[in-house]
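The values are calculated or read from the model by the stated rules, or taken from the named source; none is laboratory data. Since the model is a prediction, treat every value here as computed from it, not as a measurement. As a convention, Cβ positions derive from the backbone with ideal geometry for all residues, glycine included, and neighbour counts pool all protein chains shown.
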Amino acid sequence: MSNIVVSTEKLTKVYPIGRNQKVVALNGLDLEVEEGHIFGILGPNGSGKTTLCKLLLGHIFPTQGKAYVLGKRAGDIEAKKRIGYLAENAYFYEFLSGEELLYFTGRIFGINRVDLSKRVEELLDLVRLKEARKRKLKEYSKGMLQRIGIARALINDPDLLLLDEPTSGLDPIGQKEMREIILKIQERGKTILLNSHHLSEIGRLSQSIVILNEGKAVESGKVEELLKRGEGMKIVASQLSKETQRKVEKVTQRVEKKDGEWVIHVPNRKISDQLINLITSEGGSIRRVEEEKLTLEDLFIEAIRGS
Amino acid sequence: MVRRLLVLALNAFKEAIRKKIVGVLLVFALVFIGSTNLLATFTPEEQIKMIQDVGLGGILLFGMLITVFMGMTLIPTEIEKRTIYPLLSMPVRRGEVVAGKYLGGAFTLLFNLFLMTCVFLIVLGFKKVFNFLALKAIFLFSIELLLLLALAVFFSTFVSPTINAASTLFIYVMGLLSSYLKFLGGQAENTIIRYMALFFYRVLPNFQNFNLSSQAVNQMPIPASLILKNVIYGFSYIFVFLILGVIIFSRREV
Amino acid sequence: MEWKLRLSQFFSLVVLCLIIFFTSHAIDSDLSQYHKELLDIPAREALGGAILGFREIVADLLWLKVTQWYQSPDWSRIVPTMKIIVRLTPHWLTVWKMLGWHLAYNVYARTKDPFKKALLVEEGIQVLKEGLNKNPDKYDLYFEIGWTYFYKTRDYDKAAFYFEAATKFPERPNYVDHMLAHSLERAGRLEEALKVWEKLYITRRNFDKSPLEEEIVSRFIRRLREKIKERETL
């Protein structure tokens, strides 16, 4: 059984706003992230994604419940020594150069001079910022800032990487490069928490996800298993009698009437064949039969609507 | 911890020294102090006295302004510019952030005081005068301003820069008036007012204690024991404000 | 662990507050005179900048005004302003000396009423004594008081008293001792006056600084010896 790197128990965060008013940003969240996984955090705006990241990093404190990171309470200094963090729209000290930022970060982590020097070279190479190393950060473009940000997050060779919208501001090539970096890191056994709006990105990279809505986890688990739930067949039929409809609904609840046609969703080919036989034998007409695959977008929308 | 503190302090110094307001105030201070050389008066003795009075007054005034304008933004700038997030995600304690920022601000302040003192000594040098007592007075100014900086850093852990500046200046002026508070307290007939005045007299730092420029210029003795007491007094207050700032910032959500 | 941190912070604060309390008392006793001087500053000047620690500068600005008015001279403004200056900066000896001088000499000279003249001399001396009270560690105001008694009231015993006090200060110039000797002589205390001159001669005090000093001292020693001899003969 793999180690649990991040876990939360009934994690709740309530923000008071004004008199006797409050916002529940997270509501009793239970979460587990396995070691070596890329874990995606999805959710619409205001769902609690950023709140969760802040709680895990100790920027804010839970109203109720607990959060553990790398075996320690969230915000613990010992845990932070093994964490790398890239904030959304990375903000750094403008007066430092890219190289100086990395050295500053490395010295905070207590990396010795020789190792730090080597590490800085490696990272500048990784993020393709060797030529711009001496330029001040205020002269960096958004993409360059993201790249130096990821380099900064990797300076301590962290066991856990928290990435908040890592491809924000990057062009398609930059996004591809960022994805490659993330996968390389994961191949080395690191755990990555990925907070992103981009479903395709999460879908491509994450092994597990949690979908948050209004502070609650509405869906969570391994991506593969979640998407498998939505796999099956779609039968579009017409001219179904009431009796036939009743019999179909006994087999599956997922039946919709659309433009005079019946759209029937079934989990597998066997049941699909059974229903096709039933419909045709009772005088109904089969328009078409299609294979169905659930996308992450479908899953997301279903989960949000369902909650 | 010491290593981290120094790294944070050096970074805070680099940031503070680049602040335009600090640079502008420093330039004004150097011009102001330098121009005391042009004071034309009755006798050379009076001119030297005025150069010292205006020079020391300038060092205190501009030092105070630099301290307040710099101190009020040390921590809020981190939060406003959101550089606090990557900072707090590193293995850095909240208290180290407060102390590191203070140290960086202190280095900046002392550096500015050093430059102002150099100009002051050069101006006196043109008049072939060297007043060791003036250096003692400037040393006490530096303790006073380090205390003021600690106060500004304390406020910066929980209020905005504008309210910080107003509060720091208010307490500074009240601290300068504290002898009057004690006197008024003694005169008050109402017991509550008397005790309140005495309470504020004891609680507020008495900034007048650090201003011995009058003694320095008029060649009155400034005993080492008095300087030592002021140093202990000043640093005790500094640590009080920093500890309070750490306690507040440790509980602050960013 | 957190409670340990909180406890240590609490104890640190308590200890620091105690240190502040005790050092504050200690500094108050050292600077009690200084704090009294602050309370003595007139309200307008106090608010005008003295409070912020710039009382010396306020005093300097007022002094510039005084030197300007001295051109006229406008004594109705000069004297009150100088009284404010000495309250702002009680250790600026020049102002005390000039104020005492202006009252006992300049304003005196411009006053016709003999009764008022006498009062002005007395006021001048009182001002100098007030300055002396605030600056007992310098010879200057002892000398000024002695000088005023010597020349304006011709009270040579009192003059001698103050000149003698001034001679306790090693940094004094020789003319202080000269004036002591002259006061003693005029008060009829010839032997004491002679002792003063002889002490100057034996110690050769500041003889190297002034070429005429030895000659002056020798001359007065000879003169006093003759006077004493004459008195004994009579």
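General observations
- When region A:41-51 is filtered for residues that are away from chain B (no Cβ under 14 Å) and either at pLDDT 90 or above or out of contact with any strand residue (DSSP E or B) (no Cβ under 6 Å at 6 or more places or on another chain) (or both), the ones remaining, listed by number, are A:Ile41, A:Pro44, A:Asn45, A:Gly46.
- Looking across A:Arg107, A:Arg82, one residue alone is closer than 14 Å to A:Arg152 by Cβ, basic (Lys, Arg) and within 11 Å of another protein chain (Cβ to nearest Cβ). It is A:Arg107.
- Unmet criterion (only one of (1) farther than 26 Å from B:Ala134 by Cα; (2) assigned to a helix (DSSP H, G or I)) for B:Pro91: (2)
- Helices (runs of 4 or more DSSP H) contained entirely in region B:144-217, each with at least 3 residues that are within 11 Å of another protein chain (Cβ to nearest Cβ) and in contact (Cβ under 8 Å) with a residue 12 or more places away in the chain: B:161-176, B:178-187, B:213-217
- Residue match in region B:35-53 (condition: of a type outside the set (Val, Ile, Thr) and within 18 Å of the chain's Cα centre (by Cα)): no
- Filtering region C:130-178 to residues that are assigned to a loop (DSSP other than H, G, I, E, B), more than 21 Å from C:Val95 (Cβ to Cβ) and not hydroxyl-bearing (Ser, Thr, Tyr) leaves C:Arg154, C:Asp155, C:Lys168, C:Pro170.
- Top-ranked residue of region C:11-33 - restricted to ones that are surrounded by 12 or more Cβ atoms within 10 Å (Cβ to Cβ) and more than 45 Å from the chain's Cα centre (by Cα), ranked as farthest from B:Tyr180 (Cα to Cα): C:Ser12
- Condition check for B:Leu115: buried (at least 17 other Cβ atoms within 10 Å of the Cβ) and under 19 Å from the mean Cα position of the chain (by Cα): no
Yes/no per residue for (1) surrounded by fewer than 23 Cβ atoms within 10 Å (Cβ to Cβ); (2) in contact (Cβ under 8 Å) with a residue 12 or more places away in the chain; (3) assigned to a helix (DSSP H, G or I):
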{"site": "B:Ala16", "(1), (2), (3)": "no, yes, yes"}
{"site": "B:Val22", "(1), (2), (3)": "yes, yes, yes"}
{"site": "B:Phe28", "(1), (2), (3)": "yes, yes, yes"}
{"site": "B:Val31", "(1), (2), (3)": "yes, no, yes"}
{"site": "B:Gly58", "(1), (2), (3)": "no, yes, yes"}
{"site": "B:Val98", "(1), (2), (3)": "no, yes, yes"}
{"site": "B:Gly104", "(1), (2), (3)": "no, yes, yes"}
{"site": "B:Thr108", "(1), (2), (3)": "no, yes, yes"}
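- Tally of residues being basic (Lys, Arg), without any contact (Cβ under 8 Å) to a residue 24 or more places away in the chain and part of a helix (DSSP H, G or I) across region C:89-117: 2
- The helices (runs of 4 or more DSSP H) found wholly in region A:170-258 and carrying at least 1 residues that are in contact with a Ser or Thr (Cβ under 7 Å, 6 or more places away or on another chain) occupy A:172-187, A:199-205, A:223-229.
- Filter result (among the β-branched types (Val, Ile, Thr) and either closer than 13 Å to B:Phe249 by Cβ or under 9 Å from the mean Cα position of the chain (by Cα) (or both)) within region B:137-162: B:Ile143, B:Val153, B:Thr157, B:Val159
- Residue among B:Glu45, B:Glu78 that alone is part of a helix (DSSP H, G or I), crowded, with 22+ Cβ neighbours inside 10 Å and free of Cβ contacts under 8 Å to residues at least 24 places away in the same chain: B:Glu78
- Condition check for A:Tyr91: crowded, with 17+ Cβ neighbours inside 10 Å and closer than 19 Å to B:Leu8 by Cα: yes
- The sole residue among B:Leu10, B:Leu74, B:Leu60, B:Leu65 that is under 20 Å from B:Leu149 (Cα atoms), modelled with pLDDT of 90 or more and more than 14 Å from chain C (Cβ to nearest Cβ) is B:Leu10.
- Considered as a group, the residues in region A:52-65 that are part of a helix (DSSP H, G or I) and either under 16 Å from A:Val210 (Cβ atoms) or within 16 Å of the chain's Cα centre (by Cα) (or both) include one that is farthest from the other protein chains (Cβ to nearest Cβ), and that residue is A:Leu52.
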